[in-house]
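This report concerns only the one structure given below.
Throughout, read-outs are computed from the coordinates displayed, never taken from laboratory work. Computed from a predicted model, the values in this text were never measured in an experiment. Every residue, glycine as well, gets a Cβ built from its backbone with ideal geometry; the counts of neighbours run over all protein chains shown.
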Amino acid sequence: MREADIPPLWLALFALASWAIGRLVPLPLPFGRALGGGLIGAAVVLMGLAAAQMAVHRTTVIPRRRPAALVTGGVFALSRNPIYLADAILLAGLDLWWGASLALVLVPVFMAFITRRYIRAEEAWIGAAFGADYAAYCARTRRWL
């Protein structure tokens, strides 16, 4: 069961809740589909760039696995968690695309949930593995943005 507890599953569940809210209480915003589409595209690009950087450094993108390298450049200079940030941007984009603007409140809830469920443990592992280098990285780069 632990292997099934992965961030994409939670993103899908939050997206399903957003979609349901949009169906029950549709509240489309002017230009919502265009803005939502832009956010979805930006999220996919951000995810791709972060995953590519991790692949170049031969480290895992899978949560709860020990990292082989500390990646601090590129999109990781903007956020310590660019893939989780992309997940949040994707959720916001889907909310707008579906006309579920009331569901936008789920975006910060998703971010808080992911922080508690995954990020804090990952930060502890990375801190233990990379010590002072990771501490310096944390001092100059925010967790989300």
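Build a GNM of the chain with springs between Cα atoms under 10 Å apart, and of A100, A12, A86 the one that fluctuates most is A12.
Nearest 10 degrees, 0 to 90: what angle lies between the long axis of helix 7-24 and the longest principal axis of the chain (Cα atoms)? Helix 7-24 and the main axis of the chain meet at about 10 degrees. Put a dot 7 Å past the Cα of F113, heading toward its Cβ, do the same for A129, and the two dots end up 2.6 nm apart. Assuming 0.36 nm per residue, please report the length gained on full extension of the stretch R23 to T60 beyond their Cα-Cα distance. 9.6 nm is the gain from fully extending R23 to T60. Calculated FRET efficiency, R140 to R33, Cβ-Cβ distance, R0 = 25 Å: about 0.10 to the nearest 0.05. A simple charge model with +1 on the Cβ of Lys and Arg, -1 on the Cβ of Asp and Glu and nothing else charged puts the dipole of the chain at about 200 debye relative to its Cα centre. 3J(HN,Hα) along the range 86-102: 4, 4, 5, 5, 4, 4, 4, x, 4, 4, 5, 4, 7, x, 9, 4, 5 Hz, from the Karplus curve 6.51 cos²θ - 1.76 cosθ + 1.60 with θ = phi - 60°, whole Hz, x for Gly and Pro. Put the Cα centre of the range 1-43 next to the Cα centre of the range 58-107 and the gap is 13 Å.
Note on the range 2-140: Kirkwood hydrodynamic radius from all Cα pairs is 15.9 Å, rounded to one decimal. Ranking V71, P8, L96 by how far each Cα lies toward the positive end of the dipole of the chain (charges on Cβ) leaves V71 at the top.
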